[in-house]
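The next block holds one structure in the form of structure tokens; read it before the comments.
The values are calculated or read from the model by the stated rules, or taken from the named source; none is laboratory data. No experiment lies behind these values; they were computed from the predicted model shown. Don't worry about glycine lacking a Cβ; one is built from the backbone with ideal geometry, like all the others, and counts go over all protein chains shown. Heads up: the accessible areas ignore ligands, DNA and RNA and are worked out on the full protein's heavy atoms, side chains in. Shrake-Rupley method; radii C 1.70, N 1.55, O 1.52, S 1.80 Å.
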Amino acid sequence: HPEFYGQTREFCLFLRHYFEERLLYPRVNVQPDSVWVHVRLGDVAELNPGWSYYHSVLQQLTWVRGMVTSDSPEYEICQRLLTQYPQLTLAPKAWNETQLIRTALTHSHMVLSQGTFSWCMGFLAPRSTQIYFPRIKRVWHGDIFVFPDWHEVDW
């Protein structure tokens, strides 16, 4: 049950208010015109929004460099992103979750996938960061993509 893990709309909104009120957000230097792309696959690859989602968002943004991270970088979608967009590099496989989040926060745009780890990157990002996420068509976690300043993308 999502409510046991804090995966509810109310809890997410409470967390944001709590972090903002207490100035708990990390202070980072954001690289202008940069994009962070998170591709969640692994055990839920069938729920990933697919190439058209990532491609359509990247086409809309102004960016000159970026990074792709994935739990399954060998999948076709990751390889296609790296081939189609040579300005993207792949995050080192050796990075742990903390290194991934710290690096994600330095990007001016985030293209998230579904899931709580993706949500966490967006949640901790500076408010100046533009955050995009796919419309959730099949819920496998709680109602966590709830912030009005994030951009929901239909796919």
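Pick out the one residue from T83, T129 that is modelled with pLDDT of 95 or more and within 17 Å of P32 (Cα to Cα). Break it down stepwise before answering.
Values: T83 fails: within 17 Å of P32 (Cα to Cα).
Answer to the check: T129.
Here the condition is being loosely packed, with under 11 Cβ neighbours inside 10 Å, out of contact with any Gly (no Cβ under 7 Å at 6 or more places or on another chain) and either basic (K, R) or at positive phi (or both); of R22, R9, R65, it holds for R22 alone. At least 2 residues being of a type in the set (S, T, Y) and in contact with a His (Cβ under 7 Å, 6 or more places away or on another chain) is the threshold, and among the helices (runs of 4 or more DSSP H) wholly inside region 72-155 those reaching it are 116-124.
Please go through region 26-44 and give me each residue that is open to solvent by 40 Å² or more (accessible area, probe 1.4 Å) and either touching a helix residue (DSSP H, G or I) at 6+ places or on another chain (Cβ under 9 Å) or part of a helix (DSSP H, G or I) (or both), ordered by number. P26, V28, R40, D43, listed by residue number.
So which residues in region 90-104 are among the polar types (S, T, N, Q), closer than 24 Å to T62 by Cα and free of Cβ contacts under 8 Å to residues at least 24 places away in the same chain? Matches in region 90-104: none. Checked against the criteria, F145 counts as at pLDDT 90 or above and surrounded by 20 or more Cβ atoms within 10 Å (Cβ to Cβ).
Set side by side, the residues W95, W150 differ, and just one is aromatic (F, W, Y), surrounded by fewer than 15 Cβ atoms within 10 Å (Cβ to Cβ) and within 28 Å of Y25 (Cα to Cα), which is W95.
Report the residue count in region 113-134 for those that are open to solvent by 20 Å² or more (accessible area, probe 1.4 Å) and either more than 10 Å from the chain's Cα centre (by Cα) or of a type in the set (S, T, N, Q) (or both). Even if it seems obvious, please write down each step before you answer.
First pass over region 113-134, keeping only residues open to solvent by 20 Å² or more (accessible area, probe 1.4 Å): 116-117, 119-120, 124, 126-128, 130, 132.
Subsequent filtering for residues that are either more than 10 Å from the chain's Cα centre (by Cα) or of a type in the set (S, T, N, Q) (or both) retains 116, 124, 126-128, 130.
Number satisfying all stated conditions: 6.
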